Amino acid sequence: MPDTPVESATLLTLQDVEVSFTLKRSSVFAKPSLLRAVDGVTLSVRKGQTMGIVGESGSGKTTLALAVARLLPVTRGRIHMNGVDLLSLRGEALRNARRHMQFIFQDPYSSLNPRLRAEKIVREPLDRLSIASTSRRNDRVRELFDQVGLRRDQQRLFPHQFSGGQRQRIGIARAIASNPSLVICDEPVSALDVGVQAQILNLLRRLQEELGLTYVFISHDLGVIQHMCDTIAVMYMGKILEEADRESLFNTPKHPYTQALLSAVPSADLNRRNRQRRIMIPGDPPNPIHLPPGCRFASRCPQVEDRCRVDTPPLVNIDRHHRVACHLVKAAG
Amino acid sequence: MTALLSVKNLTVEFTTRDGIAPVIDDLSFDLAPGETLSLVGESGCGKSMTALAIMGLIPSPPGRVASGSISLAGENLLQASDTRMRAVRGNDISMVFQEPMTSLNPVFTVGEQISETLRRHQGLTRRQAKALSIEMLDAVQIPLPTRRINDYPHQLSGGMRQRVMIAMALACRPKVLIADEPTTALDVTVQAQIFDLMRAVGKETAAAIILITHDMGSVAEMAERVVVMYAGRKIEEGYVDDILARPRHPYTRGLIACVPHLLETVSAERPYLQEIPGMVPPLSDFGFMGCLFAPRCNRVETRCWQEKPKVTQITPSQSAACWNLQEAQVRVDA
């Protein structure tokens, strides 16, 4: 991988991506209802960088990630990686594209086949995607074990003989086995103990530097997002409410939801605790099946106005690297 | 400070295939009336076991309380009869669990479940219990409590279920509320609501709270004092502000530093996180006579492998068990 220039090239672009699920009808006469888990998401991810997607449960983060990896059908929109239209790929071409795009799953307990030895799990993508000659593959597995900090004598063990952190290392080795350019990390540390989280986050950072990886990093933990990501998109009920580079988003959050989300995080930093004002947002997110018109956050927004309940605010640029979907911010800017 | 709940030299042992393991090893702490104390540590450090010991719910066999005492307002709970303990649980001490879905009964309405506690412990009639249940749901800010009382747990969101759990736990106005990772399964905005609620209701009922968590942020937010546990032992204790500003035990320090805390202002600089290498030892190693943290410690010396660390009283309120305490320098925020 060449070293990345200051303004590196775009690796992945999403244009107006929508993923919806048809729900079971309540009766034969009822209209089939549609759940838009991801609704019109437009994003671009630059090479060698980390795009963070943050939001509460049910906001559509994972659905979006699965859609990008072509593990879920996309209803509408376009996804390009390295100029290739991912959604039009079929069969062999899709299999080849997968080589460049790998996934790290949240739960290291259920995402590894319990009946395969660790070396076989890591080797599987090499076999499936016919990468390297058969004899070279064993060397590659050994190299991968070194890279993720596992011992070579652990290669023959089964997943249950590893701890959670070690299993996540196996998952990471599997993901980088095919030398991908894009790795989608779906909550890679939220199932791990606090002490182990730091080990995995540091490993991911190190691998990114060494291999020039591009990450799409999904998490509900704002501290982890702040630590890992270069650009961050805040999702709520399938829509992006705010997107900005790391410094703009955390230093000058514009959307009332982002502000509330940031203020809700309990902090061990005494200075921050004394200075910050808690913005409470009442209630739970609305039912995604019967979404009211207008802004999705209107029902919980502390600054809601009448028009928010009628018109959906578009995601507009307020700065070169800062986009916000809120009527109030637009008026202010 | 007169203690409401006092745990003294508590040792709980579990019989495992490899022999007897002390899952709680010589643990002592006091809880003052109305105080919020936090137990912190990674999983497998004995936090939840401590809670179960206080509730008299240690599964036996394989577990048993080997020595020590747990006294609530002067009464030794370890010598109390089963009947007496049944009266204490729910009435004097009650507990909120981590997973609100599995700890509520799916086949009864939430109203029935809250009423059951009230009728059993307070001897209320069906009607009185129902009225009070509605009042409790209202107190935990569940909208339309008269209607919600007839809902089954699956009809409620995660945050609402945890509110119901809190309503149930506080219905009999207990003296001590034990909250075992009450917000781990919840989103941050809902966590903030639950913390606010626990503070408000705790203040109103004057209940003392024991908050079990692994998140130093939650500790800072909720608790006045903290007990840091590692592998069944108390390794540091003190006021939250002191511990956060001047952690003395290497484990406490690691526990604070290894988490990427949300910073007030972000700069372009992003240092690597400080890791605590390795992981909590397995139960079979708990009886080891040296310091159990030694294999993961960056300040380890020969003595740590040989002798169990002595507790050093650093200030009247802060103590730590370590042979090689860190200097009291003020933590530099990463």
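Overview of results
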quantity: Residue in segment B:227-236 that is at pLDDT 90 or above, over 30 Å from A:Arg278 (Cβ atoms) and β-branched (Val, Ile, Thr) present; calculated: yes
quantity: From A:Val196, A:Val122, A:Val148, residue being of a type in the set (Val, Ile, Thr) and either within 14 Å of chain B (Cβ to nearest Cβ) or touching a strand residue (DSSP E or B) at 6+ places or on another chain (Cβ under 8 Å) (or both); calculated: A:Val196
quantity: Strands (runs of 3 or more DSSP E) (entirely within segment B:141-252) containing at least 2 residues that are in contact (Cβ under 8 Å) with a residue 24 or more places away in the chain, within 14 Å of chain A (Cβ to nearest Cβ) and open to solvent by 10 Å² or more (accessible area, probe 1.4 Å); calculated: B:233-239
quantity: Leading residue by the ranking (nearest to the other protein chains (Cβ to nearest Cβ)) among those in segment B:118-140 that are open to solvent by 30 Å² or more (accessible area, probe 1.4 Å) and touching a residue at least 40 places away in the same chain (Cβ under 8 Å); calculated: B:Ala139
quantity: Number of the exception - A:Val224 against (1) of a type in the set (A, V, I, L, M); (2) within 13 Å of the chain's Cα centre (by Cα); (3) modelled with pLDDT of 95 or more; calculated: (3)
quantity: Residue match in segment A:124-132 (condition: more than 25 Å from the chain's Cα centre (by Cα) and acidic (Asp, Glu)); calculated: yes
quantity: Number of positions in segment B:283-296 that are touching a residue at least 24 places away in the same chain (Cβ under 8 Å) and in a loop (DSSP other than H, G, I, E, B); calculated: 5
quantity: Test: residue in segment B:296-319 that is modelled with pLDDT of 85 or more, aliphatic (A, V, I, L, M) and farther than 24 Å from B:Val23 by Cβ; calculated: yes
quantity: Single unsatisfied condition, B:Thr265 versus (1) part of a helix (DSSP H, G or I); (2) within 10 Å of chain A (Cβ to nearest Cβ); calculated: (1)
quantity: Residue match in segment A:109-120 (condition: of a type in the set (A, V, I, L, M, F, W, C), within 26 Å of A:Cys229 (Cβ to Cβ) and not in a loop (DSSP other than H, G, I, E, B)); calculated: no
quantity: Members of segment B:268-294 found to be more than 23 Å from A:Gly165 (Cβ to Cβ), out of contact with any helix residue (DSSP H, G or I) (no Cβ under 6 Å at 6 or more places or on another chain) and more than 11 Å from chain A (Cβ to nearest Cβ), listed by number; calculated: B:Gly287, B:Met289
quantity: Residues (in a helix (DSSP H, G or I) and more than 10 Å from every other protein chain (Cβ to nearest Cβ)) located in segment A:199-228; calculated: A:Leu204, A:Leu207, A:Gln208, A:Glu209, A:Glu210, A:Leu211
quantity: Checking B:Ser115 against (1) hydroxyl-bearing (Ser, Thr, Tyr); (2) closer than 25 Å to B:Leu5 by Cα; (3) free of Cβ contacts under 8 Å to residues at least 24 places away in the same chain; (4) not in a loop (DSSP other than H, G, I, E, B), the condition it does not meet; calculated: (2)
quantity: Boolean, B:Glu275 is free of Cβ contacts under 8 Å to residues at least 24 places away in the same chain and either over 16 Å from A:Leu201 (Cβ atoms) or part of a loop (DSSP other than H, G, I, E, B) (or both); calculated: yes
quantity: Among (1) open to solvent by 10 Å² or more (accessible area, probe 1.4 Å); (2) at the interface with chain A (Cβ under 9 Å from one of its Cβ atoms), the one test that B:Cys258 misses; calculated: (1)
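Here is a yes/no grid of residues against (1) modelled with pLDDT under 90; (2) on the phi < 0 side of the Ramachandran plot; (3) open to solvent by less than 70 Å² (accessible area, probe 1.4 Å):
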residue	(1), (2), (3)
A:Ile121	no, yes, yes
A:Ala132	yes, no, yes
A:Val141	no, yes, yes
A:Gln147	no, yes, yes
A:Leu150	no, yes, yes
A:Arg156	no, yes, no
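The values are calculated or read from the model by the stated rules, or taken from the named source; none is laboratory data. Just so we're clear, the structure is a prediction, and the values are computed from it rather than from any experiment. No Cβ is skipped: glycine too gets one built from the backbone with ideal geometry, and neighbour counts run over all protein chains shown. For the accessible areas, the whole protein counts, side chains as well, though only heavy atoms, and no ligand, DNA or RNA atoms are used. Shrake-Rupley method; radii C 1.70, N 1.55, O 1.52, S 1.80 Å.
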